[in-house]
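Chemist: Okay, here's the structure, questions in a sec.
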Amino acid sequence: MQAREIAPKVALIGAVDWDRRLFDSLIPLPDGTSYNSYLVRGSQKTALIDTVDPAKSDTLMEQLAEAPAIDYIVANHAEQDHSGSIGCVLDKYKNAVVVCTPKCKDMLVDHLRIDADRIRAVSDGETLALGDKTLEFVYTPWVHWPETMVTYLREDNVLFSCDFFGSHLATNELFATDEERVAEAAKRYYAEIMMPFRTTIKKNIEKVQAHSIALIAPSHGPVYNRPAFIIDAYKEWISDTPKNVVVIPYISMHGSTRAMVDRLVAHLTMHNIVVHQFDLAVTDIGKLAIALVDAATIVIGAPTVHVGPHPTVLYAATLANALRPKAAFASVIGSYGWSTKALEQIAAAISHLKVEILEPVLAKGYPRETDFVKLDALADAIAQKHSAAGLK
Ligand code: FEO
């Protein structure tokens, strides 16, 4: 793809990865992704902001074929999808210097074996003059690694945010014009990597909002020419108040746990509670992560295999524990054959969640009427808790 200007002498380059379907060998990418680099040409110096995944190095280097000089490579983040082509750029531009936070410098040496002598660590708020353009570096730790920063182009009010505000979305649209589509992709991205750091992200949003921002140029997905769209979305996602939503990830091997889920969902529906139900045997875990962003309650549906919970359920519980959603309540329902430790093992797996555990319902074999009555009571308890919390 050709370089495209987003501001005078500021061009989006990089690579659109239309076909990638998995990130970190974990995260589904139903809509691909992009690795955005930005070329900022000042009257005296030129800077490249972020590079691309090593798999797309050739694409980046082709785009740089006509660039006679690069003086600085700004590395906002050390993860390889942005830093992985720094080595190629340094090989071509022998006088180029990498600019990043001190923590990022160490990581670039550790992960990419970049020569430390070619990396300059910058302090929070430090500026770099390119002639008629000035870059300001703003530390934004934990979005989503400890070393992350963003770069602000003062003269054009462009915020280069790297992962922060990004979306895994392959598109040739320069700007986020289809906001509904971008919102879904950005929420998926937030849920999968940013959600554990909600508190820190709040401070980082305040920090970047101290700047006048005309464009947010992330390193995944399209550029935001209406920054309020994504900033307001982030503020909603990081807020401490969940919604009147129950998420039910479950597995059912022979229909017993499924019958329990059906009954619970029916009764929650009578209480006008929104339910997101996920059969983990076929679920896109990104969809589950998105649902967890807003959920007030998580009910895990787990049949027992031997004496423990079904391994797929344990995997989802472990994932939810790592993502640390804001949910306030949790419970477990499920069927077992002769004996079970499912409850204890699931409780241990979600130990990082700050949730009140509501009375679980475990049925021996196919649920009896007494079990269904307990499920109705669980739905009533959830409704009472949500109502008491004033959730809408
Ligand atoms: Fe897009 Fe944290 O890398």
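Chemist: Tell me what the chain gives for mean residue ellipticity at 222 nm when only DSSP H runs of n ≥ 4 count, each as -39,500 (n - 2.57), the sum divided by the residue total, rounded to 500 deg cm²/dmol.
Modeler: -10000 deg cm²/dmol
Chemist: Further question: For the chain, can you list the cysteines whose C-beta has no other cysteine C-beta under 4.7 Å from it?
Modeler: Taking the Cβ cut-off of 4.7 Å, the unpaired cysteines of the chain are Cys88, Cys162.
Chemist: Which Rg and Dmax, in Å, describe the Cα atoms of the chain?
Modeler: Reported Rg and Dmax, both Å: 23.8, 78.
Chemist: Among the trypsin sites (Lys or Arg not before Pro) in segment 1-92, which ones are in a DSSP loop with at most 15 other Cβ atoms within 10 Å of the Cβ? Mind listing them?
Modeler: Answer by residue number: Arg21.
Chemist: Same structure again: Answer with one residue from Gly131, Gln80, Ile49: the one whose Cα lies farthest towards the positive end of the charge dipole of segment 33-162, charges on Cβ with Lys, Arg +1 and Asp, Glu -1.
Modeler: Gly131
Chemist: Could you work out how far the C-alpha centroid of segment 221-240 sits from that of segment 18-94, in angstrom?
Modeler: Distance between centres, Cα-based: 24 Å.
Chemist: Could you give the dipole magnitude of segment 115-202 about its Cα centre, charging the beta-carbon of Lys and Arg +1 and that of Asp and Glu -1, in debye to the nearest 20?
Modeler: Result for segment 115-202 is approximately 280 debye, rounded to the nearest 20.
Chemist: For segment 361-392 and segment 299-359, what is the separation of their C-alpha centers, rounded to whole Å?
Modeler: 16 Å
Chemist: Another one. As a test question: what accessible area, to the nearest 10 Å², does Trp145 have when a 1.4 Å probe is rolled over all protein chains in place?
Modeler: Looks like 50 Å² after rounding.
Chemist: Normalised by the residues of the chain, what does the relative contact order come to in percent, with Cα pairs under 8 Å and at least six apart?
Modeler: Reported relative contact order: 12 percent.
Chemist: Can you pick out the pairs among Lys202/Lys392; Lys103/Lys354; Lys354/Lys385; Lys187/Lys374; Lys45/Lys105 whose Cα atoms lie more than 26 Å from each other?
Modeler: Distance filter (> 26 Å) returns Lys103/Lys354; Lys187/Lys374.
Chemist: What does the net charge come to around Leu108 if you take all other residues with beta carbon closer than 14 Å to its beta carbon, with K and R at +1 and D and E at -1?
Modeler: After counting each charged neighbour, the total is -3.
Chemist: Calculate the FRET efficiency for Lys203 and Thr177 from the Cβ-Cβ distance with a Förster distance of 25 Å, rounded to the nearest 0.05.
Modeler: Given R0 = 25 Å and the Cβ-Cβ separation, E is 0.25.
Chemist: Nothing charged except the Cβ atoms of Lys and Arg (+1) and of Asp and Glu (-1): what's the magnitude of the dipole of segment 4-238 about its Cα centre? Round to the nearest 20 debye.
Modeler: In debye, rounded to 20, segment 4-238 gives about 420.
Chemist: Highest GNM mean-square fluctuation, the chain, Cα pairs closer than 10 Å: which of Val74, Val293, Val122?
Modeler: Of Val74, Val293, Val122, the Gaussian network model singles out Val122 as fluctuating most.
Chemist: Just to be sure I understand: if I project the alpha-carbon convex hull of segment 4-238 onto a plane and average over all orientations, what area do I get in nm²?
Modeler: Taking the Cα atoms of segment 4-238, their convex hull projects to 11.1 nm² on average.
Chemist: Measuring from centroid to centroid over Cα atoms, what is the spacing of segment 95-113 and segment 176-202 in Å?
Modeler: Going from one Cα centre to the other spans 27 Å.
Chemist: Now a separate question. How big is segment 245-384 by Rg and Dmax over its Cα atoms, in Å?
Modeler: 13.3, 36
Chemist: Follow-up question, since we're still on this one. Give a quick list of trypsin sites (Lys or Arg not before Pro) in segment 276-379 that DSSP marks as loop, anything other than H, G, I, E or B, with at most 15 other Cβ atoms within 10 Å.
Modeler: In loop regions of segment 276-379 (DSSP not H, G, I, E or B), the sparsely surrounded trypsin sites (Lys or Arg not before Pro) are Lys341, Lys354, Arg368.
Chemist: So, R0 is 56 Å and r is the distance between the beta-carbons of His254 and His111; what FRET efficiency does that work out to, to 0.05?
Modeler: My answer for the efficiency is 0.75.
The values are calculated or read from the model by the stated rules, or taken from the named source; none is laboratory data. Everything numeric here is computed off the predicted structure, so don't read it as measured data. Reconstructed Cβ throughout: ideal geometry from the backbone, glycine too, with neighbour counts over all protein chains shown. Ligands, DNA and RNA are excluded from the accessible area calculation, which covers all protein heavy atoms including side chains. Shrake-Rupley method; radii C 1.70, N 1.55, O 1.52, S 1.80 Å.
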